[in-house]
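The next block holds one structure in the form of structure tokens; read it before the comments.
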Amino acid sequence: VVYLTNSGSEANDLAMFMARLYTRNFDIISFRGAYHGGSPYTLGLTSIGLYKHGVANGFGCSTTMLPDVFRGPWGGSNCRDSPVQTVRKCSCSEGVCQANDQYIEQFQDTLNTSVPKAIAGFIAEPIQGVNGAVQYPRNFLKEAYQLVRERGGVCISDEVQTGFGRTGSHFWGFQTHDVVPDIVTLAKGIGNGFPMAAVVTTKEIASSLAQNLHFNTFGGSPLACVVGAAVLDAIEEDGLQKNSDNVGTYMLLELAKLRDKFEIVGDVRGKGLMIGVEMVTDKDSRQPLPAEEISQIWEDCKDMGVLIGRGGLYGQTFRIKPPMCITKKDVDFAVEAFHTALQRHAERAA
């Protein structure tokens, strides 16, 4: 069953509402570093200080440790589903991920200490967007979903940034984790810039919302639906998912060469055309590169004609999520501009 809305915040707001109505429980868990919207309801799930306002929010929302295999306390060289792994050493044996086991233990600790025995749900982005394309250990979500369902909760996948083929290998981000959520939220890519979003769930969960009246004045307008249908056609006809896979993998591998060359490029990660480049003072400490230095590199890229985003708790990660129609020639230009900006930084430091 699909409910059409106008924005990702609206979609996640409705997903929270439905999870609580369906389970008759209240508490919802999200990751630290998550961004799920800016409405008073969703601000409880959003866990980045920059987006928090000094008003009451977050009642019934608990955060848990982010299983970040680069910046977190545990990680290794074969943890994540990406063509590029971290430079951290790994002592795991075949089929065993020690980092995943440690992060699952922290998730279990949250369930045992911060929420009631019965919960409404758990929400996660398959790859964190605003926090800088952070990826989890391969099996984390699969094990976390099982723990949540044992507590009576539903599992929500926020596909606002990962959906519609951006990760390349799959159309939906959750598919890369081999899980099936109970609720999926969509936005951004669904309308290619037009205000459109959606909540997708089972008939059983949707029926909980039908007990009373619910409506959305502009959600699912005829114009929005025409736009959404055209976007789906373009993704299929232009082969944009495959292009995201091919060009995104090429870009990740090219950026990894810069990581190996420059000490301040701490991590390159992502899938398809959802890429993060985390900047550090040095690879051993993994301390974030100071904001003023990040800004200089950022501005240099802009002056050379390459616009990229920024994210992370300290604004230390370049977020690269270009249009899914870009070519390898576009990537070569962008990587060369980034390379030049890094060289200029090195010259300033010297």
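The values are calculated or read from the model by the stated rules, or taken from the named source; none is laboratory data. Note that the structure is predicted; figures quoted are calculated from it, not measured. Ideal geometry is used to build each Cβ from the backbone, glycine not excepted, and the neighbour counts take in all protein chains shown. Calculation scope for accessible area: heavy atoms of the full protein, side chains included, ligands and nucleic acids excluded. Shrake-Rupley method; radii C 1.70, N 1.55, O 1.52, S 1.80 Å.
A few remarks follow.
- Restricting attention to region 72-84, the residues that are within 23 Å of E254 (Cα to Cα), out of contact with any Leu (no Cβ under 8 Å at 6 or more places or on another chain), open to solvent by 40 Å² or more (accessible area, probe 1.4 Å) and of a type outside the set (G, A, S) total 2.
- Test: residue in region 124-141 that is open to solvent by 10 Å² or more (accessible area, probe 1.4 Å) and part of a helix (DSSP H, G or I): no
- Matching residues in region 124-149 - criterion: being over 23 Å from Q98 (Cβ atoms) and either acidic (D, E) or at pLDDT below 95 (or both): E125
- Which listed residue is more than 28 Å from L273 (Cβ to Cβ) and either surrounded by 22 or more Cβ atoms within 10 Å (Cβ to Cβ) or touching a residue at least 60 places away in the same chain (Cβ under 8 Å) (or both), from V87, V69, V115: V115
- Inspection of region 305-322 identifies at least one residue that is among the charged types (D, E, K, R), farther than 30 Å from Y3 by Cβ, open to solvent by 40 Å² or more (accessible area, probe 1.4 Å) and in the same structural domain as A337 (by the TED database).
- Unmet requirement for V268, which otherwise passes all of (1) open to solvent by 20 Å² or more (accessible area, probe 1.4 Å); (2) of a type in the set (V, I, T); (3) touching a helix residue (DSSP H, G or I) at 6+ places or on another chain (Cβ under 6 Å): (1)
- When residues of region 41-62 are limited to those that are surrounded by fewer than 20 Cβ atoms within 10 Å (Cβ to Cβ), out of contact with any strand residue (DSSP E or B) (no Cβ under 6 Å at 6 or more places or on another chain) and not hydrophobic (A, V, I, L, M, F, W, C), the one farthest from Q316 (Cα to Cα): G60
- Top-ranked residue of region 1-40 - restricted to ones that are polar (S, T, N, Q) and crowded, with 20+ Cβ neighbours inside 10 Å, ranked as nearest to V154 (Cα to Cα): T23
- Within region 181-197, restricting attention to residues that are within 17 Å of the chain's Cα centre (by Cα) and of a type in the set (A, V, I, L, M), the residue that is farthest from L21 (Cα to Cα) is I190.
- Scoring V226 on the criteria (1) in the same structural domain as L14 (by the TED database); (2) open to solvent by 20 Å² or more (accessible area, probe 1.4 Å); (3) of a type in the set (V, I, T); (4) touching a residue at least 40 places away in the same chain (Cβ under 8 Å) leaves a single failure, condition (4).
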